[in-house]
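Novice: My questions all concern the structure below.
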Amino acid sequence: MRHPIIRLFVMLAVVITAGCGFHPRGTTQVPSELKTLIVSTGDPYGPLARTVRQQLRINNVTIVEDSKQNRTDIPTLRLGPELSGRDTASVFISGTTAEYQLVMTLTAQVLLPGKGLYPISTTVYRSFFDNPNAALAKDAEQDLITQEMRQRAAEQLVRKLLTVHAAQINSKETLPASTIPVPGQGSQEVPSSSATSLQ
(Lines give C-alpha, C1' and ligand atoms only; values in the text may rest on other atoms or scores of the structure.)
Protein backbone atom coordinates (compact mmCIF):
# COMPACT_ATOMS: atom_id res chain seq x y z
CA MET A 1 0.00 0.00 0.00
CA ARG A 2 2.87 2.38 0.83
CA HIS A 3 4.76 1.87 -2.45
CA PRO A 4 1.95 2.97 -4.81
CA ILE A 5 1.53 6.20 -2.79
CA ILE A 6 5.28 6.95 -2.97
CA ARG A 7 5.26 6.16 -6.69
CA LEU A 8 2.30 8.51 -7.16
CA PHE A 9 4.12 11.36 -5.34
CA VAL A 10 7.28 10.82 -7.41
CA MET A 11 5.31 10.86 -10.66
CA LEU A 12 3.47 13.99 -9.54
CA ALA A 13 6.79 15.73 -8.73
CA VAL A 14 8.18 14.80 -12.16
CA VAL A 15 5.11 16.14 -13.95
CA ILE A 16 5.13 19.40 -11.96
CA THR A 17 8.84 20.09 -12.52
CA ALA A 18 8.55 19.27 -16.22
CA GLY A 19 5.54 21.52 -16.61
CA CYS A 20 7.02 24.55 -14.84
CA GLY A 21 10.11 24.70 -17.06
CA PHE A 22 12.53 23.39 -14.43
CA HIS A 23 16.02 22.63 -15.70
CA PRO A 24 19.15 21.45 -13.89
CA ARG A 25 21.35 24.26 -12.62
CA GLY A 26 23.81 25.56 -15.19
CA THR A 27 21.69 24.63 -18.21
CA THR A 28 19.82 26.97 -20.55
CA GLN A 29 17.19 26.40 -23.19
CA VAL A 30 19.33 27.51 -26.12
CA PRO A 31 17.19 28.61 -29.11
CA SER A 32 16.91 26.01 -31.85
CA GLU A 33 18.64 28.19 -34.48
CA LEU A 34 21.69 28.36 -32.18
CA LYS A 35 21.85 24.65 -31.38
CA THR A 36 24.69 24.34 -33.91
CA LEU A 37 27.48 26.90 -33.67
CA ILE A 38 30.94 27.66 -34.95
CA VAL A 39 33.11 28.99 -32.11
CA SER A 40 35.68 31.49 -33.33
CA THR A 41 38.41 32.81 -31.04
CA GLY A 42 41.95 34.12 -31.23
CA ASP A 43 43.10 31.52 -28.68
CA PRO A 44 41.22 28.27 -29.45
CA TYR A 45 43.08 26.27 -26.80
CA GLY A 46 43.03 28.90 -24.05
CA PRO A 47 41.08 28.53 -20.79
CA LEU A 48 38.28 30.86 -21.93
CA ALA A 49 37.61 28.99 -25.18
CA ARG A 50 37.69 25.63 -23.38
CA THR A 51 35.27 26.84 -20.67
CA VAL A 52 32.80 28.31 -23.19
CA ARG A 53 32.91 25.16 -25.32
CA GLN A 54 32.26 23.06 -22.22
CA GLN A 55 29.24 25.20 -21.31
CA LEU A 56 27.88 24.96 -24.84
CA ARG A 57 28.19 21.16 -24.78
CA ILE A 58 26.44 21.01 -21.37
CA ASN A 59 23.56 22.88 -23.00
CA ASN A 60 23.43 20.40 -25.92
CA VAL A 61 24.91 22.78 -28.49
CA THR A 62 26.76 21.11 -31.36
CA ILE A 63 30.10 22.81 -32.07
CA VAL A 64 31.21 22.70 -35.70
CA GLU A 65 34.87 23.13 -36.54
CA ASP A 66 35.42 25.69 -39.29
CA SER A 67 39.11 25.26 -39.99
CA LYS A 68 39.20 25.86 -43.76
CA GLN A 69 35.67 25.78 -45.14
CA ASN A 70 34.50 29.29 -44.05
CA ARG A 71 30.91 28.08 -43.76
CA THR A 72 28.21 30.71 -44.07
CA ASP A 73 25.18 28.55 -43.29
CA ILE A 74 25.89 28.09 -39.55
CA PRO A 75 25.78 30.80 -36.85
CA THR A 76 29.16 31.82 -35.45
CA LEU A 77 30.01 32.72 -31.86
CA ARG A 78 33.05 35.01 -31.93
CA LEU A 79 34.70 35.24 -28.52
CA GLY A 80 36.41 38.48 -27.58
CA PRO A 81 39.21 38.87 -25.04
CA GLU A 82 38.81 38.08 -21.36
CA LEU A 83 39.21 41.40 -19.53
CA SER A 84 40.13 41.24 -15.84
CA GLY A 85 40.65 43.98 -13.30
CA ARG A 86 40.48 44.67 -9.60
CA ASP A 87 39.43 47.45 -7.28
CA THR A 88 40.47 48.04 -3.68
CA ALA A 89 37.48 47.14 -1.52
CA SER A 90 39.03 47.70 1.93
CA VAL A 91 42.37 48.65 3.47
CA PHE A 92 44.21 47.92 6.69
CA ILE A 93 44.76 50.78 9.13
CA SER A 94 48.34 50.94 7.85
CA GLY A 95 47.02 51.86 4.41
CA THR A 96 47.84 48.58 2.63
CA THR A 97 45.12 46.77 0.71
CA ALA A 98 43.17 44.22 2.71
CA GLU A 99 40.51 43.17 0.20
CA TYR A 100 40.09 43.42 -3.55
CA GLN A 101 37.02 43.24 -5.71
CA LEU A 102 37.91 41.15 -8.75
CA VAL A 103 36.08 41.87 -12.01
CA MET A 104 35.95 39.75 -15.16
CA THR A 105 34.23 40.82 -18.38
CA LEU A 106 33.63 38.57 -21.37
CA THR A 107 32.49 39.91 -24.72
CA ALA A 108 31.33 38.01 -27.77
CA GLN A 109 29.45 38.45 -31.03
CA VAL A 110 26.88 36.12 -32.54
CA LEU A 111 26.82 36.21 -36.34
CA LEU A 112 23.57 34.88 -37.76
CA PRO A 113 23.93 34.26 -41.51
CA GLY A 114 21.87 36.76 -43.45
CA LYS A 115 20.34 38.26 -40.29
CA GLY A 116 22.95 40.36 -38.54
CA LEU A 117 25.63 40.63 -35.89
CA TYR A 118 24.60 40.54 -32.23
CA PRO A 119 27.12 41.66 -29.57
CA ILE A 120 26.72 40.14 -26.10
CA SER A 121 28.74 40.56 -22.92
CA THR A 122 28.71 39.66 -19.25
CA THR A 123 30.56 40.79 -16.13
CA VAL A 124 31.28 38.80 -12.96
CA TYR A 125 32.41 40.22 -9.60
CA ARG A 126 34.10 38.49 -6.66
CA SER A 127 35.81 39.71 -3.51
CA PHE A 128 39.28 38.49 -2.57
CA PHE A 129 41.00 38.94 0.82
CA ASP A 130 44.67 39.81 0.41
CA ASN A 131 46.56 38.07 3.21
CA PRO A 132 50.20 39.24 3.13
CA ASN A 133 51.23 36.46 5.54
CA ALA A 134 50.26 33.64 3.16
CA ALA A 135 51.56 34.61 -0.27
CA LEU A 136 51.54 31.10 -1.79
CA ALA A 137 48.08 30.26 -0.47
CA LYS A 138 46.87 33.65 -1.70
CA ASP A 139 48.07 32.96 -5.25
CA ALA A 140 46.45 29.51 -5.28
CA GLU A 141 43.19 30.96 -3.95
CA GLN A 142 43.20 33.72 -6.56
CA ASP A 143 43.72 31.15 -9.33
CA LEU A 144 40.72 29.15 -8.05
CA ILE A 145 38.59 32.28 -7.84
CA THR A 146 39.58 33.31 -11.38
CA GLN A 147 38.68 29.85 -12.69
CA GLU A 148 35.33 29.98 -10.91
CA MET A 149 34.64 33.48 -12.27
CA ARG A 150 35.45 32.30 -15.80
CA GLN A 151 33.04 29.37 -15.35
CA ARG A 152 30.27 31.67 -14.10
CA ALA A 153 30.89 34.18 -16.90
CA ALA A 154 30.75 31.41 -19.52
CA GLU A 155 27.41 30.23 -18.10
CA GLN A 156 26.03 33.76 -18.29
CA LEU A 157 27.37 34.21 -21.82
CA VAL A 158 25.50 31.09 -22.97
CA ARG A 159 22.34 32.43 -21.29
CA LYS A 160 22.75 35.65 -23.30
CA LEU A 161 22.07 33.61 -26.44
CA LEU A 162 18.40 33.98 -25.45
CA THR A 163 18.68 37.76 -25.94
CA VAL A 164 19.95 37.14 -29.47
CA HIS A 165 16.86 35.03 -30.13
CA ALA A 166 14.59 37.74 -28.66
CA ALA A 167 16.24 40.44 -30.77
CA GLN A 168 15.80 38.30 -33.87
CA ILE A 169 12.09 37.81 -33.09
CA ASN A 170 11.70 41.58 -32.70
CA SER A 171 13.27 41.96 -36.16
CA LYS A 172 16.25 43.92 -34.92
CA GLU A 173 19.30 43.58 -37.10
CA THR A 174 21.76 44.23 -34.31
CA LEU A 175 21.81 44.66 -30.57
CA PRO A 176 23.25 47.88 -29.12
CA ALA A 177 26.90 47.44 -28.23
CA SER A 178 27.22 47.36 -24.46
CA THR A 179 29.88 49.52 -22.88
CA ILE A 180 30.81 47.99 -19.55
CA PRO A 181 33.72 49.70 -17.81
CA VAL A 182 36.35 47.31 -16.55
CA PRO A 183 37.76 48.45 -13.20
CA GLY A 184 41.52 48.34 -13.09
CA GLN A 185 41.89 48.56 -16.86
CA GLY A 186 44.70 50.92 -17.75
CA SER A 187 46.17 50.83 -14.28
CA GLN A 188 47.26 48.05 -11.98
CA GLU A 189 44.98 49.10 -9.15
CA VAL A 190 42.11 51.58 -8.92
CA PRO A 191 41.03 52.64 -5.42
CA SER A 192 37.31 52.30 -4.91
CA SER A 193 35.28 55.15 -3.46
CA SER A 194 33.53 52.66 -1.17
CA ALA A 195 36.75 51.37 0.38
CA THR A 196 36.65 50.72 4.11
CA SER A 197 39.39 50.51 6.66
CA LEU A 198 40.10 47.34 8.63
CA GLN A 199 41.80 47.47 12.01
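The values are calculated or read from the model by the stated rules, or taken from the named source; none is laboratory data. It should be emphasised that the depicted structure is a prediction, and the values quoted were computed from it without experimental measurement. Virtual Cβ from ideal backbone geometry, glycine too; neighbours counted across all protein chains shown. These area figures cover heavy atoms from the full protein model, side chains too; ligands, DNA and RNA do not enter into them. Shrake-Rupley method; radii C 1.70, N 1.55, O 1.52, S 1.80 Å.
Novice: How long are the semi-axes of the equivalent ellipsoid of region 58-132, defined as square roots of 5 times the Cα gyration tensor eigenvalues? Whole Å, largest first.
Specialist: 41, 12, 10
Novice: Then there is this: Which whole-Hz ³J(HN,Hα) couplings does region 117-124 yield from phi under the Karplus relation 6.51 cos²θ - 1.76 cosθ + 1.60, θ = phi - 60°, glycine and proline marked x?
Specialist: 10, 10, x, 9, 7, 8, 10, 10
Novice: Another one. So what is the accessible area of region 81-173 per residue, in Å², with the probe set to 1.4 Å?
Specialist: Averaged over the residues of region 81-173, the accessible area is 50 Å².
Novice: Near Thr51, within a Cβ-to-Cβ distance under 13 Å, what is the net charge of the other residues, with Lys and Arg +1 and Asp and Glu -1?
Specialist: Value of the local net charge: +1.
Novice: At a 1.4 Å probe radius, carbon and sulfur cover how many percent of the accessible area of region 99-158?
Specialist: Exposed carbon and sulfur together represent 50 percent of the surface.
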